[in-house]
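Working notes, beginning with the structure itself.
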Amino acid sequence: MKVKVFGRLIEICESNYVEIDFVDSVELLKNSMETRFPLLKQHKYFIAIDKVISGSNDLIKPDSEIAFMPPYSGG
Amino acid sequence: MFSPEEKERYSRQILLDSFGEDGQVKLKQAAVLVVGAGGLACPAMTYLVAAGIGHIGIMDDDTVERSNLQRQTLYSTNDIGRKKVNAAAGRLRALNPNVRVSEYDFVLSTENALDLIAQFDIVIDGTDNLAARYLINDACALLKKPWVYGSVYKFEGQVALFNFPLSDNLRSADYRSLFPEPPPASSLATCNEVGVVGVVPGLIGLLQATECIKYLTNETPAINSKLICFDALNLSFESFELLSNSSDKGSRPLTATEFHQKDYMEYCQSKTDGSCEINTEQFESIIKDRDFEIIDIREAHEFSTFSVFKTRHLPYSSINIEQFRSNGHNKIVFICRRGIRSKLLIEKLKSENVNGVFFSLIDGAEGWNRLRDSNFFEKGHVKFSEGVDFLPENLSTTKRQ
């Protein structure tokens with residue numbers, strides 16, 4: 001499955017898209033990404049599934065669009 | 001209601017079926033507070049005033065710098081050194097003398113926020129820091145006022161209309177729906193730290209003004225309960241739905257008394273781990289001991305020369321974490337312009353399990369220079385050379401699709 005990342009997370013993941021093995025929960029998704037990119041643990045971000053900002057109990061479908069979005073502060 | 005001059009001035013928008021003279025009346029009766037007068041606020045204020053907002057309040061305690069001019073288009077070269085609120089107000093009054101422009105030459109605080117925001121119909125967030133953003137969010141929640149969030153990072157931007165009335169007792173999502181508590185300050189970067197292309201805050205500021213005008217004229221806001229993300233490199237917009245019924249509002253104050261007691265600067269700063277940061281006094285002590293190596297990680301274009309004590313210049317963009325691994329046990333103080341990149345570098349070193357004692361100078365070279373008076377430097381201490389805004393990093397290290 002493909003995960004799109006935004007903002008500073010692009011530098012941590014070294015790409016704006018990351019390909020990972022399918023997982024069906026937000027918690028597993030987070031674990032998978034943070035294991036591969038440990039610096040993610042030091043950043044806050046929200047996760048959107050199919051363009052909806054999701055809670056930790058939401059389920060992921062194989063064709064779901066996933067996004068990791070950090071806060072921005074520039075202005 | 002409108003003079004012949006005003007009818008001619010606003011004729012193109014009055015022509016719009018869904019806007020008409022009714023929409024123009026609503027704009028004239030509206031009051032908008034713009035917090036911050038930088039890259040987001042300049043385009044937002046320009047178009048709000050041009051459109052005929054009745055009253056605009058400009059709040060900022062900053063002065064115009066040369067490095068602002070690339071994106072803060074209300075200011076000219078002759079304005080350098082002037083108060084932003086004065087320079088902006090002058091330009092806006094010249095653009096449309098029918099608009100009442102109020103100047104607030106101070107920052108938003110818990111002391112003034114509730115009284116001030118209560119005088120306006122909507123707030124535009126033109127700030128560049130989390131403390132101000134959480135303060136706006138919480139004040140607007142208490143006052144049941146909508147506000148338009150905007151923020152940028154390099155070539156990307158976000159915009160959302162928050163706290164919009166959905167019904168008598170229900171408001172749309174707010175910033176705490178995204179981030180109930182502030183993220184670590186070290187995980188964020190301002191335009192001064194990482195650079196920005198001027199058109200990005202320009203575009204986000206225009207979107208903020210657009211949603212503000214639509215809200216005030218009762219048009220359905222397109223981004224109600226949505227966060228819009230813009231990517232200039234791909235020229236793409238994506239929208240994410242926000243859940244307005246999110247119950248986790250973090251430590252948002254529920255009463256005016258709680259709000260007044262909250263120190264937002266400390267609240268947002270306290271989210272850093274703090275373990276690797278040292279203040280100027282601690283830094284002075286380290287200079288005397290000569291026990292630590294001091295590494296300036298600013299880019300070459302950010303400073304010219306300095307050095308009373310021994311330092312090494314190692315631009316952040318050229319650093320390879322492995323070079324610290326080969327040095328055995330490190331004792332290093334990292335200095336950057338404002339203490340953000342230096343802290344980020346230490347986080348990277350720790351996450352890669354590099355041995356050593358690492359410190360980051362709080363507020364970096366800018367903070368050091370601000371605190372040291374001229375006598376201090378005459379005694380033979382260093383004054384860091386003035387930096388310029390940090391330019392966008394080389395994007396070749398990241399892949400984009």
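Please compute the average number of Cβ atoms from other chains found within 10 Å of each residue's Cβ in peptide A:61-74.
So the per-residue partner count for this stretch is 6.
Please give the average number of partner chain Cβ atoms lying within 10 Å of the Cβ of each residue in A:47-54, rounded to a whole number.
4
Relative contact order (percent) for the range A:2-69, with alpha-carbon contacts under 8 angstrom and 6 or more residues of separation?
40
Give me the inter-chain shielding for B:153-161: mean count of other chain Cβ atoms within 10 Å, whole number please.
So the per-residue partner count for this stretch is 4.
Using a simple spin-label model with points 7 Å from Cα along the Cα→Cβ vector, what separation in nm is obtained for B:ASP168 and B:SER18?
Label-label distance for B:ASP168 and B:SER18, simple model: 2.8 nm.
Nearest 100 Å², what total accessible surface is buried between chain A and chain B (probe 1.4 Å)?
3400
Roughly how many Å² is the accessible area per residue of the range B:4-269, as a whole number, for a 1.4 Å probe?
39
Tell me the label-point distance for the pair B:GLN70, B:ASN279, using the 7 Å Cα-to-Cβ offset, in nm and rounded to one decimal.
My value for the distance between the label points is 3.3 nm.
Ranked highest first by average number of other Cβ atoms within 10 Å, how do B:53-59, B:318-324 line up?
Result, highest mean first: B:53-59, B:318-324.
Keeping all protein chains in place and using 1.4 angstrom, which order do B:LYS226, B:LYS154 fall into by accessible surface area, from largest down?
Of B:LYS226, B:LYS154, the descending order of accessible area is B:LYS226, B:LYS154.
How would you order B:280-287, A:2-9 from highest to lowest mean count of nearby Cβ atoms within 10 Å?
Ranked by mean Cβ neighbours within 10 Å, highest first: A:2-9, B:280-287.
If you count only protein heavy atoms and use a 1.4 Å probe, how large is the accessible surface of B:THR73, to the nearest 10 Å²?
Roll a 1.4 Å probe over it and B:THR73 shows about 90 Å².
Straight-line reach from B:LYS331: which aspartates and glutamates fall under 13 Å, measuring Cα to Cα and dropping same-chain residues less than 8 apart?
B:ASP289, B:ASP291, B:GLU293
Given the Cα-Cα distance of B:LYS262 and B:ASN86 and 0.36 nm per residue of separation, how much length would full extension add, in nm?
Full extension from B:LYS262 to B:ASN86 adds 60.4 nm.
Please list, ordered by chain and number, the residues whose modelled amide H lies under 5 Å from the amide H of A:SER25; skip anything fewer than 5 residues away on the same chain.
Those qualifying (amide H under 5 Å, at least 5 residues apart or on another chain) are A:ILE60.
Over all pairs of distinct alpha carbons, what does the Kirkwood formula give as the hydrodynamic radius of chain A, in Å?
By the Kirkwood definition, the hydrodynamic radius is 12.4 Å.
Using the alpha carbon gyration tensor of the range B:1-119, what are the three equivalent-ellipsoid semi-axes (square root of 5 times each eigenvalue), largest first, in whole Å?
27, 18, 11
Fully extended, how many nm does the chain gain between B:LEU114 and B:LYS331 (0.36 nm per residue separation, minus their Cα-Cα distance)?
Going from the current span to full extension adds 73.4 nm.
By how many nm would the segment from B:SER351 to B:GLU8 grow when fully extended, if each residue of separation counts as 0.36 nm and the alpha-carbon distance is taken off?
117.2 nm
Mind putting together the pair-distance distribution for the range B:4-269? All Cα pairs, 5 Å bins, whole percent per bin, short to long.
1, 6, 13, 17, 20, 18, 14, 7, 3, 1, 0
By accessible area of protein heavy atoms, probe 1.4 Å, what ranking do B:GLU21, A:GLU27, B:GLU277 get, highest first?
The ordering from most to least exposed comes out as A:GLU27, B:GLU21, B:GLU277.
For the range B:205-213, take each phi angle, set θ = phi - 60°, evaluate the Karplus expression 6.51 cos²θ - 1.76 cosθ + 1.60, and give the result in whole Hz per residue in order, putting x for glycine and proline.
x, 5, 5, 4, 5, 4, 5, 5, 5
Measure off, as a whole percent, the carbon and sulfur share of the 1.4 Å-probe accessible area of chain A, all protein chains present.
48
Per residue, how large is the accessible surface of the range A:2-69? Use a 1.4 angstrom probe and give square angstrom.
48
When you count, for each residue, the other Cβ atoms within 10 Å and take the mean per peptide, how do B:113-122, B:1-10, B:92-101 rank with the highest first?
In decreasing order of mean packing, B:113-122, B:1-10, B:92-101 become B:113-122, B:92-101, B:1-10.
What residues does the range B:107-128 have that are buried by at least 20 Å² of accessible area in the full protein assembly compared to the chain on its own, 1.4 angstrom probe?
By number: B:ASP128.
Can you put B:MET265, A:MET69 in order of accessible area, largest first, using a 1.4 Å probe?
Largest accessible area first, the residues go B:MET265, A:MET69.
With the cut-off at 15 Å, report for the range B:97-164 the share of all Cα pairs above it, as a whole percent.
Percentage above 15 Å: 55.
Past the 22 Å Cα-Cα mark, which pairs from A:LYS44/B:LYS249; B:LYS7/B:LYS145; B:LYS145/B:LYS249; B:LYS145/B:LYS214; B:LYS226/B:LYS348?
B:LYS7/B:LYS145; B:LYS226/B:LYS348
The values are calculated or read from the model by the stated rules, or taken from the named source; none is laboratory data. Remember, predicted model here, so these are calculated numbers, not experimental data. All Cβ positions, glycine included, derive from the backbone under ideal geometry; neighbour counts span all protein chains shown. Calculation scope for accessible area: heavy atoms of the full protein, side chains included, ligands and nucleic acids excluded. Shrake-Rupley method; radii C 1.70, N 1.55, O 1.52, S 1.80 Å.
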